[in-house]
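The values are calculated or read from the model by the stated rules, or taken from the named source; none is laboratory data. Just so we're clear, the structure is a prediction, and the values are computed from it rather than from any experiment. Don't worry about glycine lacking a Cβ; one is built from the backbone with ideal geometry, like all the others, and counts go over all protein chains shown.
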Amino acid sequence: MEGARAVAGAIDRALEALREGKPVMVYDSGGREGEVDLVYPAWSVTWREIRDLRVSAGGLICYASLYSILSPLGVRWASEIISNIPELKPLASKRPGYGDPPAFTIWVNHVSVRTGISDEDRAKTVRALDRVVELAYKGDVEGAAKMFREEFMAPGHVPILASRGLDRRRGHTELAVSLALLAGLRPSVVLAEMLGDRWSLSLEEARRVAEKRRIPLVTGDEVVEVCLGVEVCRSS
């Protein structure tokens, strides 16, 4: 009982932070990547949040949403695109050490950016992607697809990750998107791996950062436990 209350409390703090536009930290599991990601809800992102992801986390800054939302816009898995090029197909047949298929789709810039890589430019791209997903999530798929085609260019500097749902994959993409949905938000987040010297930041080091910055830190097991039987956490 105490353990269940502790899990619920940790998740509740994370959900409240996301609702307020604040970051959370998510550890997947020791049997997978064993990494911690810093996650922001995409609607709250300005250049300051992108700078925080770049400086405090340091890993690849990615936008993430549900594949069931992105697919009707024409977004496809990067591995699928690469597999259609005969010379490159062998590259897409391999898997990372933890065995999951990659969450990567395409990389984009918003048409209004200067070069695409600055904190301000990436924030513009992330906010515009959030507007596209907001339209699609509310049911205006045609409007979302039109906006996506007209306002973005590819390749760009913001990789789009797609969640398959926690019933199919338990990576940071699925965990972060599920947290947004549990918080009552649209499935639209931006995240980056937290790095230390030479390697990824350990869970112990991440906990110290979380305590110092008062950022809720949750584990994949905690997210999955709360998500069990919750429809928004499943693939569609």
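Condition check: closer than 25 Å to E120 by Cα, in contact with a helix residue (DSSP H, G or I) (Cβ under 6 Å, 6 or more places away or on another chain), of a type in the set (D, E, K, R) and modelled with pLDDT of 95 or more. Does R186 satisfy that? Taking the combined requirement at face value, the residue satisfies it. Listed by position, the strands (runs of 3 or more DSSP E) enclosed by the stretch 145-236 that each have at least 1 residues that are more than 24 Å from P101 (Cβ to Cβ) are 152-163, 217-219. Only one entry of G116, G59 meets the criterion of being touching a His at 6+ places or on another chain (Cβ under 6 Å), farther than 20 Å from R169 by Cα and small (G, A, S), and that entry is G116. The test for being surrounded by 16 or more Cβ atoms within 10 Å (Cβ to Cβ) and either under 16 Å from the mean Cα position of the chain (by Cα) or aliphatic (A, V, I, L, M) (or both) does not hold for A154. Only one entry in P101, P86, P90 is surrounded by fewer than 20 Cβ atoms within 10 Å (Cβ to Cβ) and touching a residue at least 60 places away in the same chain (Cβ under 8 Å), namely P101. When the residues of the stretch 80-99 are filtered to those that are of a type in the set (D, E, K, R) and not in a helix (DSSP H, G or I), the one that is nearest to R164 (Cα to Cα) is R95. Restricting E120, E134 to residues that are within 17 Å of A64 (Cα to Cα), acidic (D, E) and touching a helix residue (DSSP H, G or I) at 6+ places or on another chain (Cβ under 9 Å) narrows the list to E134. When the stretch 78-107 is filtered for residues that are closer than 21 Å to A180 by Cβ and over 15 Å from the mean Cα position of the chain (by Cα), only D100 remains. Kindly evaluate V132 against the criterion of being crowded, with 22+ Cβ neighbours inside 10 Å and closer than 23 Å to V209 by Cβ. No, not satisfied.
In this structure, R170 qualifies as buried (at least 20 other Cβ atoms within 10 Å of the Cβ) and either out of contact with any Cys (no Cβ under 9 Å at 6 or more places or on another chain) or within 14 Å of L60 (Cβ to Cβ) (or both).
Step by step: first the residues of the stretch 74-83, then only those that are free of Cβ contacts under 8 Å to residues at least 40 places away in the same chain and touching a Lys or Arg at 6+ places or on another chain (Cβ under 9 Å), then the one that is nearest to T46 (Cα to Cα). Which residue is that? This residue is I82.
When the residues of the stretch 104-126 are filtered to those that are β-branched (V, I, T) and within 15 Å of Y63 (Cβ to Cβ), the one that is surrounded by the fewest Cβ atoms within 10 Å (Cβ to Cβ) is I117.
For residues in the stretch 100-144 being in a strand (DSSP E or B) and hydrophobic (A, V, I, L, M, F, W, C), which is farthest from G31 (Cα to Cα)? Of everything passing the filter in the stretch 100-144, V108 is farthest from G31 (Cα to Cα). Looking at the stretch 25-68 only, could you name the residues that are in a helix (DSSP H, G or I) and aliphatic (A, V, I, L, M)? Within the stretch 25-68, A42, I50, L53, V55, A57 qualify.
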